[in-house]
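One structure is given here, and the rest of the page talks about it.
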Amino acid sequence: MTRIDAKFAELTAAGKKAFVAYIMAGDPDYDTSLQVVRGLPDAGVDVIELGLPFTDPMADGPTIQLAGQRALESGMTLKKTLAMAKAFREADDTTPIVLMGYYNPIYSHGVAAFLDDAKAAGIDGLIIVDLPPEEDSELCIPAQAAGLNFIRLATPTTDDKRLPKVLQNTSGFVYYVSITGITGAAEAEAGDVGPEVARIKAATDLPVIVGFGIKTPERSEAIAKISDGAVVGSAIVDLIGQGQSADDVLAFVRTLADGAHRA
Amino acid sequence: MPEDLFNSFMNGPDENGRFGDFGGRFVSETLMPLILDLEAEYEKAKTDESFWAEMDHLWKHYVGRPSPLYHAERLTEHLGGAKIYLKRDELNHTGAHKINNVLGQILLARRMGKTRIIAETGAGQHGVATATVCAKFGLECIVYMGAHDVERQMPNVFRMRLLGAKVVPVTSGRGTLKDAMNDALRDWVTNVRDTFYCIGTVAGPHPYPAMVRDFQAIIGKETKEQMAEAEGRLPDTVIAAIGGGSNAMGLFFPFLDDKSVNIIGVEAGGKGVNAKMEHCASLTGGRPGVLHGNRTYLLQDDDGQILEGFSISAGLDYPGIGPEHSWLHEIGRAKYVSITDVEALEAFQLSCALEGIIPALEPCHALAHVMKIAPALPADHLLVMNMCGRGDKDIFTVAKALGVEVDAGG
């Protein structure tokens, strides 16, 4: 059982929905970013998605693109991202960390070495945007064998015929992308998302978390109400991009987490 | 059985879109169903005679194919070795090989009922070809172009706008071809129902590398027939320039199983293939990685971050290369070399002076390599170089490089 499985078991037992927060590792620099990550559990975050910076984030909108650029300009790398996770783990051994990003930095590092290093750093799961089920042999299967969760994205274009293939090697939770589009785009209607979440839940026992386009505590609550939890990324990253202090960022995160937890 | 199919170099890709370890389908889940649809539609079209009949008709009457295979007598005489032929794809409508592929993809888009076409472009040649074919068929056309390229290729930007296309300057990243491709993919992921992504080279997720190659293979097929007619045999060497590698793959593919034919691809060496990465030579200066939907050789740093290429030729300014080239490189069926900006400029001037052909800077890289190897080859060595584009678009760049002031308004 990974920290992710344990966390969802705990939330289910308490009758609570999950709040998942994304930030880009090293944005705007290592120290500020680590300060934000360390404050996330106290702000009510159940699962941390830690962005792995990449020069060519094809599925991300301007907010996450710029965050990645800031991180890379400050000298962030895959190794430093794992070091940040390890530093977080010194004081927190329960909050799950999911590393989210693109495949090339991992492939460049070497898959076997990456899995060893990620495990040692206390990473619990991976969301790798450009690895669909068709490329499972690359990282998904080795990651599961190494005891890491591999979390898959399901999208509005994932029809009933394709859904089993997407769910087959997924573990931890399923991330439903509520819109066809990039991160930080317009929000989806909760009315449209409900039936989609129900469709996915009918095909899996895993928790279904919804993200893309959630920017306010109200939306966080509305989405969590019709699913197992909400993910917010761009709205938080925007504040970091504006140069707000770690405390101000965390105060905003708390309002989003409270929203999801009210659901 | 004339050919041993199991040992053929022409069977790729496999059902997963792989050429050996290269290629594949590294895209987000939102796009995955779309590329599977495209693959199914292309598989149907590939064996549909009416599809190819329409292509042949358009190639002949709209593009002006077949393009000539021209014996460059003065160049041959000047270099004093191999007999040099130029495959004249710069004479195509829109001035480059790009339209061969665009026609195929737009016919597919029409079969799939897609009404909105998106494309990425670097130098603007693929953008112009796409805008052209969209105008002909009355389709909405949006071209993503790096803001930096928009600035240095204004004539092509204006051409695209005249043809009714919307040109979107891309400011994300550093505003070059790879960023334009990122933004085109972002558009596609947002507009999944009505949009067809017309990729300009033999890269991207499967089936693009194979599909674009098949559309460009008309170059090699014609060359084979024309050479048989002119000389009664196969050429000894075929040479082409490579950015993403579509004109080269088009020329090479029909010759892959003709073991006697030397195949040479020429990458852009920029200021020289050195540690400072001031070049676009993915095979000679990069290593395998995953970008834009495929695994291939890429310019990247130790952390797997993608580096910007550098070349005088905007059309070669891409940090990757088609996956089939990566495979041909690794198995050794084709040889890949690089040529610097300075060498390409010399070739540019030689082509103008000796053959009366103003070439695009892209094929000048291939010509520069011809200049290196032709003198040492015997007179009966038949060498074909793909003159894949004309140089009108490049005259300002060349003038600047030669220190000449050109007043565009004069």
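Rule-based calculations on the coordinates, nothing more; no lab input. Here the structure is a predicted model, which is why all the values come from computation and not from measurement. Here Cβ is always computed from backbone atoms with ideal geometry, including for glycine, and neighbour counts include all displayed protein chains.
Computed values, structure above
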| read-out | value |
| --- | --- |
| Bridge type composition, the protein assembly as shown - antiparallel percent by DSSP, nearest 5 | 20 |
| Pairwise centroid distance, computed over Cα atoms, of region A:136-175 with region A:187-261, Å | 21 |
| Kirkwood-Stokes translational diffusion coefficient of region A:3-262, alpha-carbon pairs, 20 °C, 1.002 mPa s, µm²/s | 119 |
| Neighbour-count order for B:VAL261, B:VAL404, B:VAL133, fewest beta carbons within 10 angstrom listed first | B:VAL404, B:VAL261, B:VAL133 |
| Peptide B:282-291, shielding by other chains (average Cβ, 10 Å cutoff) | 3 |
| Cut-off under 5 Å, modelled amide H: who pairs with A:GLU49 long-range | A:ALA21, A:TYR22, A:ILE23, A:VAL98 |
| The protein assembly as shown - Cys residues lacking any other Cys C-beta under 4.7 Å | A:CYS140, B:CYS198, B:CYS280, B:CYS352, B:CYS364, B:CYS388 |
| 222 nm mean residue ellipticity, helices alone, for chain B (DSSP H n ≥ 4; -39,500 (n - 2.57); rounded to 500) | -12000 deg cm²/dmol |
| Top positive-direction residue, dipole computed over region A:1-116 with Cβ charges, set A:GLY44, A:TYR102, A:PHE54 | A:GLY44 |
| Ellipticity estimate at 222 nm from DSSP helix runs (n ≥ 4, -39,500 (n - 2.57)) divided over chain A, nearest 500 | -13500 deg cm²/dmol |
| For A:TYR176, distant residues with modelled amide H under 5 Å away | A:ALA154, A:ILE209, A:VAL210, A:GLY211 |
| nm² value of the averaged projected area, convex hull over the Cα atoms of chain B | 19.4 |
| Charged-residue dipole, Cβ positions (Lys, Arg, Asp, Glu), region B:276-359 about Cα centre, Debye nearest 20 | 340 |
| Sorted by Cβ neighbour density within 10 Å, fewest at the top, the residues A:ASP124, A:ASP92, B:ASP187, B:ASP302 | B:ASP302, A:ASP92, B:ASP187, A:ASP124 |
| Shape category assigned to region B:284-410 from the gyration tensor of Cα positions, a/c cut at 1.5 | oblate |
| Average projected area [Cα convex hull, region A:15-168], square nanometres | 9.8 |
| HN-Hα J in Hz across region B:324-340 - Karplus 6.51, -1.76, 1.60, θ = phi - 60°, x for Gly and Pro | 5, 5, 4, 5, 4, 5, 5, 7, x, 6, 10, 10, 10, 10, 10, 10, 7 |
| Loop sites in region B:1-86: GluC sites (Glu not before Pro), DSSP, at most 12 other Cβ within 10 Å | B:GLU3, B:GLU15 |
| Exposure proxy order (Cβ contacts within 10 Å, fewest to most) of B:HIS126, B:HIS369 | B:HIS369, B:HIS126 |
| Chain B, dipole about Cα centre (Lys/Arg Cβ +1, Asp/Glu Cβ -1), debye to the nearest 20 | 640 |
| Cβ-placed point charges (K, R +1; D, E -1), dipole of chain A about Cα centre in debye, nearest 20 | 380 |
| Amide proton proximity set for B:LYS335, modelled H, under 5 Å, gap of 5+ | B:ILE263, B:ILE264, B:GLY265 |
| DSSP bridge orientation in chain B - percent antiparallel, rounded to nearest 5 | 30 |
| For region B:175-238 versus region A:39-64, the gap between their alpha-carbon centres in whole angstrom | 36 |
